[in-house]
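What follows is a single structure, written as structure tokens, with notes after it.
The values are calculated or read from the model by the stated rules, or taken from the named source; none is laboratory data. Values in this document were obtained by computation on a predicted structure and should not be read as measured data. With ideal geometry, Cβ positions are generated from the backbone for all residues, glycine too; neighbour counts draw on all protein chains shown.
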Amino acid sequence: MRVSLVFLCMAAPALSAAGQTVFVEAESFAELGGWVVDQQAMDQMGSPYVLAHGMGAPVEDSATTVTFPEPGLYRVWVRTRDWVAPFGASGSPGRFQVLANGTPLETLFGTEGAAWHWQDGGSVEIGDTSVRLALHDLTGFEGRCDALLFTKDMGLSPPDDGDALLTFRRELLGLTGAPEDAGSFDFVVVGGGIAGTCAAVSAARLGLEVALVQDRPVLGGNNSSEVRVHLQGKTNLPPYPALGNLVRELDSGMQGNAQPPENYNDAKKLAVAGAEENLALFLNMHAYKTEMDGGRIAAVLATDTRTGKDWRFPARWFADCTGDGTVGFLAGADYRMGRESRAETGEELAPEEPDTMTMGSSVQWYSVESEGPSPFPDCPWAEPFTEETAQKVMVGKWDWETGMNRNQVTEIEYIRDHALRVIYGNWAFLKNQSADKADYASRKLGWVAYVAGKRESRRLLGDVVLQQQDIDFRREFEDASVTTTWTIDLHYPEPTNSEQFPGREFRSIAKQKEIVPYPIPYRCLYSRNIENLFMAGRDISVTHVALGTIRVMRTGGMMGEVVGMAASLCKKHDTAPRGVYSYHLEELQALMQAGIGEPPREAALEPPAWRETAGPNLARTAAVEVSSVLEPIQYPPSHINDGVINLDDSNSRWCSAREGMPHTVDFRWDTPQTISAARIVTGWRTGPFEIEGQAQAFALQVFENGAWRDIPGTAETNNTQHDWHARFDPVTADRLRLEIRAAPGNVARLFEVELFNPPDG
């Protein structure tokens, strides 16, 4: 892999000390400390900024050293905002200080202004030209800072207007020249989610010189540790069962939303992209402009979100995998946003009248158990809750969804901030006012997302706009490609939540319509009016209703595989994406049949070699007790030790209830048994090559001295195997327990547990 230019730029701070003015971008500080860079709204407010995302605990200072042109008295301006002011709330939870050589300025920042603006910080005497500046968070509640300005011109008032501010910022940073070319490429993919990563890798493996431009420090999009949504949709299905091979290379194999960061395996995605010689990866690069040559894109311009430097990405072909249709929008591509009317599309699930409603964004969170009482401050500035309206839960997953009636692009900071006010307000009520506060006394917030997980925004229009009837009646398209398997899954504000919080909803319901797996036409994967633009992921050419089935990430990843294949044919034949359909469809079909990536191995039972000589399965003679059952008739605990393992029969499993984690399975014998090996078959089959739903964290325990203890060698924290087994030092007891500590959807699923005492060796 070529070295990403973002890393080459890191040494160049985004600051200026020209003349009588010192300008410093907060995101360029050499030490970010506990502050994080947030670029989600930079198209609206003009820049990335840093965020003190401490979940109620002040974060570590961000700091850098700046050389001033000369000592003396300087006027100070800090670009910031009071982030709760747009909600009519008071209290300024985002308060922070600016320190100069360890001494705080008198002004508290983040205390005024609903909009981003330059807050007057008074003046400061600079006695030494080398000054260590720091941002000192006071609350842990989302303080934010864009930039700092120190000037000897006491009459200078920096501009807030978008264009004037941009010019002002660039002049002070010395960034008024032309963007620097990032290299020479055949294919530029913008957006490093699952779809974009697959598109880039697919094209690179087929010989194209590829740039993958991603605006975050990690790949994966909603499947990254920043958002934490698991992959859904089935892969490797007809008519092209090899599609999905590459998706599987990126897949951590872990299910469940709002889980610990390792479940999403950011490193695996970076490793797959990094292994490609023809792929140049550019992280922390925000695309903001396109250069056009008639109806073609000539280049995409992007800003390094840490340094402010602009880069130019020229290519013959481009792919918009941003989710928001950003590249297409900038290029003037035809697009839709919101819901089409039933009269326009004829879709049963479309509304009577068109509107701007979209599916919303989720800001997920979870709490963890602490060793003792864990206080949390009252949050009078947050969304208020009562005993009736409080959400008495310890985790917020996909159905914590906001912004359905707002613009998911231009209002994303507001949407995300509303979600944060809800989370903090609800948690403060549970901890401090609720009648059930004792249940939460020792729990603390373990993780709260600050990057919103979007479901819908712009949809770029192609030569075919897929709609509900195509799926319902299985319309045959000659250019069938990726098979979609998810339901037509459309989200709406939850009715009770709407009654309690009119216009401020934060919970959703999903209305689902089952489908028969359906192949998406290739013509949905390129723009109808920008001749060299592909798209993959949730911004492809579909109606709002059809988006409900194609928007899940495994499906989007397969789109990326196809787009990479089609891009290789564009180069081979010097043609446009439409030309692949018109003249080279059979060649594309051959590539889809062959696939990209390692062919999957059929999911099958994989008993250990020692099982053949392990002796009797001691679990068969045990009495089994479980902590709960999901459906007693369908999933009884008797399946756990009945000696029957049938991966093709989901009704041959035990399933726990959704509540009551951890789930337990107790084995009892009339006399003590010696056990030194175990096999656990867990999950369910979702396709010929896939078993999902494995228990993720568990341990075997023995009952000794009146308490359960983990048996060494049996504790798993990140299990991905459906046929798990282990040998361990012998234990002798009449009671054994399997404790399941994490599972997708909090449901434990077991086909069988086997226990043995095999001979040595």
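Within segment 567-578, can you find the residues that are assigned to a helix (DSSP H, G or I) and either touching a residue at least 40 places away in the same chain (Cβ under 8 Å) or surrounded by fewer than 16 Cβ atoms within 10 Å (Cβ to Cβ) (or both)?
Within segment 567-578, the subset assigned to a helix (DSSP H, G or I) is 567-573, 577-578.
Answer for segment 567-578, where residues must be assigned to a helix (DSSP H, G or I) and either touching a residue at least 40 places away in the same chain (Cβ under 8 Å) or surrounded by fewer than 16 Cβ atoms within 10 Å (Cβ to Cβ) (or both): 567, 568, 570, 571, 572, 573, 577, 578.
Quick one: in segment 691-702, which of the residues that are touching a Pro at 6+ places or on another chain (Cβ under 8 Å) and over 14 Å from residue 738 (Cβ atoms) is surrounded by the fewest Cβ atoms within 10 Å (Cβ to Cβ)? Checking each candidate, the answer is 692.
When we screen 107, 111, 103 for residues that are farther than 26 Å from residue 168 by Cβ and without any contact (Cβ under 8 Å) to a residue 40 or more places away in the chain, the only hit is 103. Scanning segment 607-624 for residues that are hydrophobic (A, V, I, L, M, F, W, C) and without any contact (Cβ under 8 Å) to a residue 24 or more places away in the chain returns a single hit, 609.
With respect to the conditions (1) at pLDDT below 95; (2) more than 30 Å from residue 536 (Cα to Cα); (3) of a type outside the set (Phe, Trp, Tyr), residue 423 lacks only one, and its number is (1). Against the list (1) surrounded by fewer than 19 Cβ atoms within 10 Å (Cβ to Cβ); (2) of a type outside the set (Asp, Glu); (3) not in a loop (DSSP other than H, G, I, E, B), the condition residue 380 fails is (3). Specify the residue that is surrounded by the fewest Cβ atoms within 10 Å (Cβ to Cβ); the eligible residues are those in segment 442-477 that are among the hydrophobic types (A, V, I, L, M, F, W, C) and more than 27 Å from the chain's Cα centre (by Cα). Residue satisfying both the conditions and the ranking: 473.
Residue-level analysis places residue 530 outside the set of residues that are part of a helix (DSSP H, G or I), among the β-branched types (Val, Ile, Thr) and crowded, with 23+ Cβ neighbours inside 10 Å.
A residue that is under 23 Å from residue 162 (Cα atoms), modelled with pLDDT of 95 or more and of a type outside the set (Ser, Thr, Tyr) occurs nowhere in segment 124-141.
Out of all the residues in segment 652-667, is one or more touching a residue at least 40 places away in the same chain (Cβ under 8 Å), touching a Pro at 6+ places or on another chain (Cβ under 9 Å) and part of a loop (DSSP other than H, G, I, E, B)? No: segment 652-667 contains no residue that is touching a residue at least 40 places away in the same chain (Cβ under 8 Å), touching a Pro at 6+ places or on another chain (Cβ under 9 Å) and part of a loop (DSSP other than H, G, I, E, B). Residue 267 satisfies every condition listed in (1) more than 14 Å from residue 561 (Cα to Cα); (2) in contact (Cβ under 8 Å) with a residue 40 or more places away in the chain; (3) within 18 Å of the chain's Cα centre (by Cα) except (2).
Report whether or not residue 233 is buried (at least 20 other Cβ atoms within 10 Å of the Cβ) and over 27 Å from residue 290 (Cα atoms). Break it down stepwise before answering.
Numbers: buried (at least 20 other Cβ atoms within 10 Å of the Cβ): yes; over 27 Å from residue 290 (Cα atoms): yes.
Yes; evaluated as a whole, the condition is true for this residue.
For segment 703-730, a residue qualifies if it is free of Cβ contacts under 8 Å to residues at least 40 places away in the same chain, assigned to a strand (DSSP E or B) and either surrounded by fewer than 15 Cβ atoms within 10 Å (Cβ to Cβ) or not assigned by TED's automatic domain parsing to the domain that holds residue 693 (or both), and the qualifying residues are 704, 707, 709, 710. The numbered conditions (1) farther than 18 Å from residue 58 by Cβ; (2) modelled with pLDDT of 95 or more; (3) in contact with a strand residue (DSSP E or B) (Cβ under 7 Å, 6 or more places away or on another chain) are all true for residue 145 except (1).
For segment 259-275, state whether one or more residues are assigned to a loop (DSSP other than H, G, I, E, B) and at pLDDT 95 or above. It would help to see each step written out before you state the result.
Within segment 259-275, the first condition is being assigned to a loop (DSSP other than H, G, I, E, B), and the residues that meet it are 259-260, 265, 275.
Narrowing further to those that are at pLDDT 95 or above: 275.
For segment 259-275, residues assigned to a loop (DSSP other than H, G, I, E, B) and at pLDDT 95 or above: present.
Taking the criterion of being farther than 19 Å from residue 756 by Cα and in a helix (DSSP H, G or I), the residues of segment 614-651 that qualify are 637, 650, 651. Among the residues in segment 478-489, are any crowded, with 22+ Cβ neighbours inside 10 Å, closer than 30 Å to residue 660 by Cβ and modelled with pLDDT of 95 or more? No.
Given 686, 671, which one is under 30 Å from the mean Cα position of the chain (by Cα) and either touching a residue at least 24 places away in the same chain (Cβ under 8 Å) or not in a loop (DSSP other than H, G, I, E, B) (or both)? Before you say what the answer is, go through the steps one by one.
Working: 671 fails: under 30 Å from the mean Cα position of the chain (by Cα).
It is 686.
When 648, 666 are checked against the criterion of being of a type in the set (Asp, Glu) and either over 32 Å from the mean Cα position of the chain (by Cα) or surrounded by 15 or more Cβ atoms within 10 Å (Cβ to Cβ) (or both), a single residue qualifies: 666.
Is it the case that residue 590 is out of contact with any Ser or Thr (no Cβ under 9 Å at 6 or more places or on another chain), closer than 21 Å to residue 251 by Cα and assigned by TED's automatic domain parsing to the domain that holds residue 242? No; evaluated as a whole, the condition is false for this residue. The residues listed here are 709, 737; of these, the one that is among the charged types (D, E, K, R) and over 27 Å from residue 634 (Cβ atoms) is 709.
Go through 733, 678 for me and flag whichever is of a type in the set (Gly, Ala, Ser), crowded, with 21+ Cβ neighbours inside 10 Å and more than 32 Å from the chain's Cα centre (by Cα). Answer to the check: 678. Across segment 497-529, the number of residues qualifying as closer than 30 Å to residue 386 by Cα and in contact with a Ser or Thr (Cβ under 9 Å, 6 or more places away or on another chain) comes to 9.
Condition first: in a strand (DSSP E or B) and among the hydrophobic types (A, V, I, L, M, F, W, C). Now tell me which residues in segment 58-94 satisfy that. Please lay out each step first, then the result.
We begin by selecting, within segment 58-94, every residue in a strand (DSSP E or B); these are 62-67, 72-80.
The answer is 63, 66, 73, 76, 77, 78.
Per the listing 285, 292, 337, 254, the residue uniquely of a type in the set (A, V, I, L, M) and under 21 Å from residue 359 (Cβ atoms) is 337.
With 344, 371, 352, 291 as the choices, which residue is more than 21 Å from residue 556 (Cβ to Cβ), over 20 Å from the mean Cα position of the chain (by Cα), assigned to a loop (DSSP other than H, G, I, E, B) and modelled with pLDDT of 95 or more? Give the derivation first.
On the way: 344 fails: assigned to a loop (DSSP other than H, G, I, E, B); 371 fails: modelled with pLDDT of 95 or more; 291 fails: assigned to a loop (DSSP other than H, G, I, E, B).
Testing whether each residue is more than 21 Å from residue 556 (Cβ to Cβ), over 20 Å from the mean Cα position of the chain (by Cα), assigned to a loop (DSSP other than H, G, I, E, B) and modelled with pLDDT of 95 or more leaves just 352.
Every test in (1) small (Gly, Ala, Ser); (2) in the same structural domain as residue 267 (by TED's automatic domain parsing); (3) at pLDDT below 90 is passed by residue 162 save one, and that test is (2).
The residues in segment 22-39 that are buried (at least 18 other Cβ atoms within 10 Å of the Cβ), in a strand (DSSP E or B) and not β-branched (Val, Ile, Thr) can be counted, and the count is 3. Across segment 124-142, the qualifying residues are those that are surrounded by fewer than 16 Cβ atoms within 10 Å (Cβ to Cβ) and small (Gly, Ala, Ser), and the one among them that is farthest from residue 59 (Cα to Cα) is 127.
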